[in-house]
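Worksheet for the structure shown next.
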């Protein structure tokens, strides 16, 4: 029999060369550049490797995906976080010395000596794995591990499962690829920079937990800067097997303690800690060292009562080209860009709105009806908050649970809302603005009827081509003839609205609505002139509107005629500290101050002596509000506190028109539900709670009618946004 050969140094060397050549045969890298990286000295490898430029991938140690944070208007309260990977990047100077030492001791004790590839470690791993046929060993340096993490992250970002597989597969080819890139990394970056990159990119637990700062917060409720020896050793042990060594999982804790103790042994071996520190740390049961913080779900799902606002604000990022050319670009920026997004959400307003909506109709009320509230700060466009009697839930579980939804029925469809609400008489202040813009007096007596030829609404309005007759009645079939626009608003009569429209034309009403900030809610039908809305009944509130849009209309009346586009974002700062451009509110004088004040006067009169009396705010607070009822399906109320808050709410079935008559709502059964019985008191409760909490005083000087609109009228007022209509008045 032939003599058995022994493992000589020459054979080992030959086998090691075969290890390298096997990789070369896969065509991963150039052999001429590769050989010195592994078999030569570290000095030779460092001098012969080219500049870092591999496969178009960014290996910048400071350019890592970071979570974005959404703040309330106080600039401190975090509403939600968004991330592809739960990570907060911190500089090395904000990572404790024990943490740095623990990871070096555990992962790469010769880190400060080699040039990217630990030749001794590679040879040891090769012999153990391929010669002795023992357990697989990697021999990877910290730099190589950083490279592996970047390759895997890049593959995930590109949604490339093949690239992700190749970045993590247990093959010689993958190891050699990492070696090449690692040596190049060490030519461009210093050791501290690479260590910083690794500590920020490594996975330190299950549930998508990356980076040492996030790990410190998760396991110990502290910062990376304050990690002590025990805590550092615990965290450093996790990276070998993030799911199995995660100490927050009770069944993992025995193994997690064992792995922690191994790190402590290695730290002692490297003289990072004393024997006393080692012994004391090892003696601590791991359970007693932990301070586990609950996992934070990604996005708005975990935002509680701020979730509906969170959803609206995040869609402002996703829908705004300021944050990227495509929606995919904007989604990537939100999830990975490390943005600090400062929003307009007033915590008090939002919390009170949510509580008010649920008190009016509980989440699980058998009626199944929705309450939707939108609130804006007049003169700024700042959205203060939303109130819905639903639990925000963007998961599939919401499909089978009517108490949960991710649809914000207070906003437009494009912003994550529904088809809108037919708001009824809450529209009528728009008609009054149009009337005064035409130079009319609100005390002018008008002849009214319960039947109108629709063609008569085309006065100065060639875009309107309606025909036939329209039978229009006031509530309970009453009518007043003659009646002034002022009295018609106070008593919310429909017949006078039609008489007004005969004189000024339906286009004047539509133009006034647009000027005040109105648009329809359904996607693709936003223009008030769209076929589905531009009909005669529009003047009594049949167009589909969102509560936020109507709150914005009322905000224009509350700000002396200054109209703004609703905004949810005040400031956005990227991870480099640069302020990004945010959508503008475009505040401008939309209607004359006198018209806004006179409309406010009429609305106040509707509270003092008209149908909106149940909206009266507590303690005689001067109140500006208007109620609305759409047939028997929707009840609404809108109003404002001048320059402070404008709010609008709608109640009904947001998906289908369902009669409220005879419904039992929050334990009360009524044959005829109206805005005065539920919508107006709910509006009062919300706005009343807000002014009490914030200490806003009553503005008794606001809402003084201009004498010119209380007498014989004045010349028509040009619409600041629309060409002035030409032609004779009728």
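All of the numbers you see were taken from the coordinates with simple rules; none came from a lab. Remember, predicted model here, so these are calculated numbers, not experimental data. Cβ sites come from the backbone with ideal geometry, for glycine too, and all protein chains shown count toward neighbours.
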Q.
At 7 Å along Cα-to-Cβ for each site, give me the label-to-label distance between residue 320 and residue 631 in nm.
A. 3.9 nm
Q: Evaluate Rg over Rh across region 405-463, taking Cα atoms for both radii and Kirkwood's formula for Rh.
A: 1.13
Q: Give the span of region 456-615's Cα atoms along each principal axis, as three whole-Å numbers ordered largest to smallest.
A: 67, 38, 27
Q: For region 348-419, list log₁₀ I(q)/I(0) at each q in 0.15 Å⁻¹, using the Debye formula over Cα point scatterers of equal strength and ignoring solvent, two decimals each.
A: -0.51
Q. Going by the alpha-carbon gyration tensor, a ≥ b ≥ c the square roots of its eigenvalues, is region 431-502 rounded (a/c under 1.5) or, if a/c is not under 1.5, prolate (a/b greater than b/c) versus oblate?
A. oblate
Q: Work out, step by step, the length gained on full extension between residue 332 and residue 109: first 0.36 nm times the residue separation, then minus their alpha carbon distance; give nm to one decimal.
A: 76.7 nm
Q. Just for the Cα atoms in region 284-332, what are the lengths along the principal axes, largest first, rounded to whole Å?
A. 54, 25, 12
(Q) With N set to the number of residues, divide the alpha-carbon radius of gyration of region 471-526 by 2.2 N^0.38 Å and report two decimals. (A) 1.35
Q | Sites residue 694 and residue 284, calculated FRET efficiency, Cβ-Cβ separation with R0 60 Å, nearest 0.05 | A | 0.75
Q. How are the Cα pair distances of region 253-314 distributed, in percent, across 10 Å bins from 0?
A. 19, 28, 16, 15, 18, 3
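Full extension from residue 608 to residue 657: what is 0.36 nm times the residue separation minus their Cα-Cα distance, to one decimal in nm?
Working: separation 49, 0.36 × 49 = 17.64 nm, distance 3.14 nm.
Once the chain is fully extended between residue 608 and residue 657, it gains 14.5 nm.
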Q: Over all alpha-carbon pairs of region 232-389, lay out the pair-distance distribution in 5 Å bins, whole %, shortest bin first.
A: 1, 8, 11, 11, 10, 9, 8, 9, 9, 9, 7, 4, 2, 0, 0
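Apply 1/(1 + (r/R0)^6) to the Cβ-Cβ distance of residue 414 and residue 355, taking R0 = 30 Å, and write down the FRET efficiency to the nearest 0.05. Kindly include the intermediate steps, with their values, before the conclusion.
Values: r = 28 Å, r/R0 = 0.93.
So, using R0 = 30 Å, E works out to roughly 0.60.
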Q: For each of 190, 694, 214, 599, count neighbouring Cβ atoms within 10 Å of the residue's Cβ, then give the residues from fewest to most.
A: 190, 694, 214, 599
Q. Taking Rh as the Kirkwood radius, which is the inverse of the mean 1/r over Cα pairs, what is the Rg/Rh value for region 385-485?
A. 1.15
Q.
Counting just the Cα atoms, what span does region 441-480 cover along each of its three principal axes? Round to the nearest Å and put the largest first.
A. 32, 26, 13
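Within 10 Å of each residue's Cβ, count the other Cβ atoms and sort 109, 463 from fewest upward. Could you put the intermediate results ahead of the total?
On the way: 109 16, 463 11.
In increasing order of surrounding Cβ atoms, one gets 463, 109.
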Q.
Could you check the spin-label model distance between residue 240 and residue 586? Points 7 Å from the Cα along Cα→Cβ, value in nm.
A. 6.1 nm
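So for 684, 358, fewest C-beta neighbours within 10 Å to most, what's the order?
Working: 684 23, 358 19.
Listing 684, 358 from fewest to most nearby Cβ atoms yields 358, 684.
Hey, any idea what the orientation-averaged projected area of the convex hull of region 568-663's Cα atoms comes to, in nm²? Numbers along the way, then the final one.
Details: hull surface 43.1 nm².
In nm², the orientation-averaged hull projection of region 568-663 is 10.8.
What is the ratio of the Cα radius of gyration of region 556-623 to 2.2 N^0.38 Å, where N is its residue count, to two decimals?
On the way: Rg = 18.3 Å, N = 68, 2.2 N^0.38 = 10.9 Å.
After normalising by residue count via 2.2 N^0.38 Å, the value is 1.67.
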Q) Which distance in nm do the two modelled labels at residue 666 and residue 469 give, with both placed 7 Å along the Cα-to-Cβ direction? A) 4.3 nm
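How much FRET efficiency would the formula 1/(1 + (r/R0)^6) give for residue 254 and residue 221, where r is the Cβ-Cβ distance and R0 is 22 Å, rounded to 0.05? Could the numbers behind the result be given before it?
On the way: r = 23 Å, r/R0 = 1.02.
The pair residue 254/residue 221 has a calculated efficiency of 0.45.
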Q) When the Debye formula is applied to the Cα atoms of region 333-460, each taken as the same point scatterer, what base-10 log of I(q)/I(0) results at q = 0.09, 0.10, 0.11 Å⁻¹? A) -0.46, -0.55, -0.64
